[in-house]
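A quick write-up on the structure given underneath.
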Amino acid sequence: MKMYIFIQALMYIFKLAFIALAREGMVMNHKRVRRLMRELGIQSIIRKKRPFYGRKTSVVFKNHLNREFQAEKQNQKFVTDITYVRIGEQFAYLSAVLDLYNNEIVAWKLSSRNDLDLVLTTLRQLEGKSLTTKPLFHSDQGFQYTSKSYNS
């Protein structure tokens, strides 16, 4: 019985094996646990490191809106953000673009993933609308809004 518990405990990495043995009342020195693991040929699984390609530079703009949440004309100032909605046991992500002239949601998209494609698809809905020459888009500094794809 003790050997079964010992082998079962050794399936964990070393520290967890040591803790599992102590919980079962088999208090022993950590050096003995390590030696027995080595004799039985049991090793912890070492995960392969993922390659790191460095941080991509993000594009950050100044706050041109300056808390002036009123627009003189339609399609002049827009604010956008992503929020999550719980649907049962899962989450959905809602990306919305709001026109500050009349507080109307002019574009929105619901997705199961919070990614750049969600934001870009939402913005593509504005392509058919008659926008002013240079509309102002305001968002937080989330990874979607600071990416090069969003700002190009």
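The values are calculated or read from the model by the stated rules, or taken from the named source; none is laboratory data. Being a predicted model, the structure only gives us computed values, none of them experimental. Note that we place each Cβ from the backbone using ideal geometry, even for glycine, and neighbour counts take in every protein chain shown.
Filtering VAL79, VAL106, VAL119 for residues that are at pLDDT below 90, part of a helix (DSSP H, G or I) and surrounded by 17 or more Cβ atoms within 10 Å (Cβ to Cβ) leaves a single hit, VAL119. On inspection, ARG86 fails the criterion of being under 19 Å from the mean Cα position of the chain (by Cα) and assigned to a loop (DSSP other than H, G, I, E, B).
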